[in-house]
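What follows is a short report on a single structure.
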Amino acid sequence: MFNFTDMLSNPRAQEAMLKLMSQQMANFSPEQKQAIARVKAKVIKRARGLEITLGESDDPVVEKWISGFINSWGDLLPKILQSAGFTVDLYE
């Protein structure tokens, strides 16, 4: 049986996800990579919760990417939880 949690904790699966992210990041210019480096990312890990906050960018392309990143993960995470059987409340 497929176990999503086991897959995410698998170093090879993590490596594959990070490789895909690196490939996407290669499309940014050096200036945009510097703009991304200036964005503050905050992750709060709790016993039964997770909060992720990304700061704003002074680069419009990076800002659009951040917005898309948040929207994509904001759509995907509830679906993952729902597919596992949880009742999901999404607050915007």
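Accessible area of the chain with a 1.4 Å probe: how many percent of it is carbon plus sulfur?
57 percent
Take residue 64 and residue 92, extend 7 Å from each Cα along the Cα→Cβ direction, and tell me the distance between the two endpoints in nm.
With each label placed 7 Å out from Cα toward Cβ, I get 2.0 nm.
What are the trypsin sites (Lys or Arg not before Pro) within the range 12-59 that DSSP puts in a loop, where the Cβ has at most 14 other Cβ atoms within 10 Å? Don't jump to the answer; show the numbers that get you there.
Working: sites: 12, 19, 33, 38, 40, 42, 45, 46, 48; in loops: 38, 40, 48.
When the trypsin sites (Lys or Arg not before Pro) of the range 12-59 are filtered for loop state and at most 14 Cβ neighbours within 10 Å, 38, 40, 48 remain.
Are there chymotrypsin sites (Phe, Trp or Tyr not before Pro) in the chain that DSSP marks as loop and that have at most 15 other Cβ atoms within 10 Å, and which are they?
2, 86, 91
Tell me what the chain gives for mean residue ellipticity at 222 nm when only DSSP H runs of n ≥ 4 count, each as -39,500 (n - 2.57), the sum divided by the residue total, rounded to 500 deg cm²/dmol.
-18500 deg cm²/dmol
Dipole size in debye (nearest 20) for the chain around its Cα centre, Lys and Arg Cβ +1, Asp and Glu Cβ -1?
360 debye
Given (i) 37; (ii) 70; (iii) 32 as candidate values of percent of Cα pairs over 23 Å apart, which corresponds to the one derived from the coordinates?
Read-out taken from this structure: (i).
Using a basic spin-label model with each label point 7 Å from the Cα along Cα→Cβ, how many nm lie between residue 28 and residue 53?
2.0 nm
The values are calculated or read from the model by the stated rules, or taken from the named source; none is laboratory data. Since this is a predicted model, take the numbers as computed values, not measurements. Reconstructed Cβ throughout: ideal geometry from the backbone, glycine too, with neighbour counts over all protein chains shown. Note: areas computed on protein heavy atoms with side chains; ligands, DNA, RNA excluded. Shrake-Rupley method; radii C 1.70, N 1.55, O 1.52, S 1.80 Å.
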